[in-house]
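Please read the structure below before turning to the comments.
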Amino acid sequence: MRLKIGVMGSASGKAAENKINLEKCREVGRWIARKGCILVNGACPGLPHEAAYGAREEGGFVLGVSPAFSRHEHVYEYKSPHPHEVYDILLYTGLGFMERDIMNIRSSDGVIFLGGGIGTLNEFTIAFEEGKPIGVLLDSGGISNHLQDIVRWCGREIHENIVFSNNPEELVEKLVYLIHEYPSPIHEDGRVKDVKFGVHRG
């Protein structure tokens, strides 16, 4: 079965307007497709949408998980990209942003974070707590450069299933490796259990 890599990050703001940053995010999407993975995002504008464009440029498969309950709400209320632009499948959840975030994370085998603000921090927290393999694109603006500090400020450790890089190719390659090496741990009854990895050294 093909791996699903979630891409979460800035929908707007300086990080989503920087041309160099936009190209790096497209390159993340290209490498996700080149690795034969499915790209999952929140079907909203910004950096994750740029990654989706990159994936489609390489013939990749893109799944969007919309917070809206219909196509009309998606386009006109959430001001999100038109479904036919890059998505092979667009799911209308009707859940709004917060609950949609949970669905995004749980539908992905691993998650990449690009730039980001408070919403992206929420997504990172969910992925971290549930033990998902995580990749963070450094130098992409927003909170991504501060996630290591945020985790430590909270008295937690950077686990071995989290990788940081400012190189899109390296980031995707390492995340794919981590997905195979550290699949999300769960109890026999299906509940997510605490991750007990050591401190990331690289």
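The values are calculated or read from the model by the stated rules, or taken from the named source; none is laboratory data. Computed from a predicted structure; not experimentally measured. Reconstructed Cβ throughout: ideal geometry from the backbone, glycine too, with neighbour counts over all protein chains shown.
Which of the residues that make up region 137-156 are of a type outside the set (A, V, I, L, M), surrounded by 15 or more Cβ atoms within 10 Å (Cβ to Cβ) and in a loop (DSSP other than H, G, I, E, B)?
Ser140, Gly141, Gly142
When residues of region 1-58 are filtered for being among the β-branched types (Val, Ile, Thr) and at pLDDT below 90, how many remain?
1
Of all residues in region 50-64, how many are closer than 19 Å to Ala127 by Cβ and buried (at least 23 other Cβ atoms within 10 Å of the Cβ)?
Qualifying residue count, region 50-64: 3.
When you go through Cys25, Cys44 one by one, which is the residue that is crowded, with 16+ Cβ neighbours inside 10 Å and out of contact with any helix residue (DSSP H, G or I) (no Cβ under 7 Å at 6 or more places or on another chain)?
Answer to the check: Cys44.
Just to verify a result, which residue in region 1-22, among those that are assigned to a helix (DSSP H, G or I) and free of Cβ contacts under 8 Å to residues at least 24 places away in the same chain, is farthest from Leu175 (Cα to Cα)?
Ranking the candidates gives Lys19 first.
Could you tell me how many of the residues in region 51-78 are more than 19 Å from Gly94 (Cα to Cα), over 12 Å from the mean Cα position of the chain (by Cα) and not in a loop (DSSP other than H, G, I, E, B)?
Selection size over region 51-78: 6.
Just need a number here: residues in region 136-159 that are free of Cβ contacts under 8 Å to residues at least 40 places away in the same chain and under 12 Å from Ile112 (Cα atoms).
Of the residues in that region, 2 qualify.
Go over the candidates Lys79, Lys35 one by one and state the one that is touching a residue at least 40 places away in the same chain (Cβ under 8 Å) and surrounded by fewer than 18 Cβ atoms within 10 Å (Cβ to Cβ).
Lys35
Please enumerate the residues belonging to region 160-174 that are out of contact with any helix residue (DSSP H, G or I) (no Cβ under 6 Å at 6 or more places or on another chain), free of Cβ contacts under 8 Å to residues at least 60 places away in the same chain and closer than 16 Å to Asp109 by Cα.
Selection gives Glu160, Ile162, Lys174.
Kindly evaluate Phe113 against the criterion of being surrounded by fewer than 24 Cβ atoms within 10 Å (Cβ to Cβ) and either among the aliphatic types (A, V, I, L, M) or at pLDDT 95 or above (or both).
no
Mind listing whichever residues of region 84-111 are touching a residue at least 40 places away in the same chain (Cβ under 8 Å) and either of a type in the set (D, E, K, R) or farther than 20 Å from Asn122 by Cβ (or both)?
Matches in region 84-111: Tyr87, Leu90, Arg100, Asp101, Asp109.
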